[in-house]
Amino acid sequence: MTLLTVGGLSYFAITFGVQFRVVSFDDVYDVRRDYTDSLKDVNPVGPYIVGWIGYVLGPALLATGLVRRSPLLLVAGGAVQLLIYSLTGFKSVMVSILLLAVLAQLSRRFPEGMVGPRLVGYTAVGVGLITFLDFVSDGVALSSLFVRRLMLSAGINSYNYYDYFARNPKVHLGHSVLAEIVDYPYQVSPAHLIGEVYYGNSEMSANANIWADAYANFGLAGMILCTVLLGGVFIVYDGLAQQRDLRISALLIALPGFTLCNSGLLTSLLTHGLLLAMVVLAFMPWSGPRTRSQQSRVLAGE
């Protein structure tokens, strides 16, 4: 992981330079536009490396720092995330710091496989609190960021994908890995197509979850295949995690796993680092097989 991080950051510094700046969430779209423009003069591998750093390598430093309670790793991980956010304006990269901190705390308090149900409960409470704060302040800033953007938009767009591609030609990955052999029927990518049709904005990338993307490509058969492939990925990851630090393993996949709600499976695997997370986990120190009680003690931080 150290070699990957050093190599990735070295490429990043040479290609994009090093600039730390705190950008408000209201200004991120201008930053993203500048970042997109800068990619025209960059090697095609550049965007992948930026994504791998922001979604895997930086969070790996944070996860290790949280589990081992290392201030140095926490500062290093936070600096990496700020660096990527300063360039790209990806809000999820900055929000990842809070997400990992919350998940690390939950895994300490509820080690017996109860993190998921507790997280759902806390999310419901959080939505209620955010709604109340916006009501009191007579605004929508918090709801727009944490409820609309993180939860509602992808769900609404998932229906929009179904509604559109149920009546129009599927894309069969013609905008992606099969572009050379498939006759793509549209002028823009599926996400921008949905943005244009349903929101009247051709520059808007209306992302949805992996099943919406699978349906746009191959219909119901694509959704089934996508589910099988994702299950295989999780089985492999779970097998690797059983022989390594379970808390770091869980935190390492948190951000790439979250991107499954907002992108296709191939994009999550390659661009957002889900596949890289498996590689990083495979090279982590082996701790040997554990019994269920040993696993619980590890998750509890004992």
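Things worth noting here:
- VAL140/ASP30 FRET efficiency (R0 25 Å; Cβ-Cβ; nearest 0.05): 0.75
- Compared with the alpha-carbon gap, the fully stretched path from VAL228 to GLN242 is longer by 2.9 nm at 0.36 nm per residue.
- Note on region 40-93: semi-axes of the ellipsoid equivalent to its C-alpha gyration tensor, largest first and rounded to whole Å, are 24, 10, 8.
- Using distinct alpha-carbon pairs, which all enter the 1/r mean, Kirkwood radius of the chain in Å: 20.7
- Spin-label model distance (nm) - ALA79 vs LEU3, 7 Å beyond Cα toward Cβ: 2.3
- Extension gain from GLU203 to ARG21, taking 0.36 nm per residue of separation minus the Cα-Cα distance: 63.0 nm
- Shape category assigned to region 1-153 from the gyration tensor of Cα positions, a/c cut at 1.5: oblate
- In this structure, THR123 and TYR159 have a Cβ-Cβ separation that, at R0 = 30 Å, corresponds to a calculated FRET efficiency of about 0.90.
- Remark: spin-label model distance ARG167-VAL279 equals 4.3 nm, labels positioned 7 Å along the Cα→Cβ axis.
- Residue-level accessible surface for GLU203, protein heavy atoms, 1.4 Å, Å²: 150
- Net dipole in debye of the chain [+1 Lys, Arg Cβ; -1 Asp, Glu Cβ; about Cα centre; nearest 20]: 1140
- Extension gain for the segment SER189 to VAL102, taken as residue separation times 0.36 nm less the Cα-Cα distance, is 27.8 nm to one decimal.
- The Cα-based radius of gyration and maximum Cα-Cα distance (Dmax) for region 92-205 are 19.2, 55 Å.
- Calculated accessible area for the chain comes out at 53 Å² per residue, all protein chains present (probe 1.4 Å; ligands, DNA, RNA ignored).
- Over the chain, relative contact order from alpha-carbon pairs under 8 Å, at least 6 apart, %: 20
- The angle between the Cα long axis of helix 28-38 and the longest principal axis of the Cα atoms of the chain comes to about 80 degrees, rounded to the nearest 10.
- Think of the chain as having a plus end and a minus end, set by charges on the Cβ of Lys, Arg, Asp and Glu; of LEU98, LEU74, TRP286, TRP286 sits farthest toward the positive end of this dipole.
- Taking only protein heavy atoms and a 1.4 Å probe, the accessible area of the chain is 66% carbon and sulfur.
- R0 of 41 Å, Cβ-Cβ distance VAL177-ARG69: FRET efficiency to nearest 0.05: 0.45
The values are calculated or read from the model by the stated rules, or taken from the named source; none is laboratory data. Every value quoted in this text rests on a predicted model; they were computed, and no experiment measured them. A quick note on method: Cβ atoms are made from the backbone with ideal geometry, for glycine too, and the neighbour counts reach across all protein chains shown. Note: areas computed on protein heavy atoms with side chains; ligands, DNA, RNA excluded. Shrake-Rupley method; radii C 1.70, N 1.55, O 1.52, S 1.80 Å.
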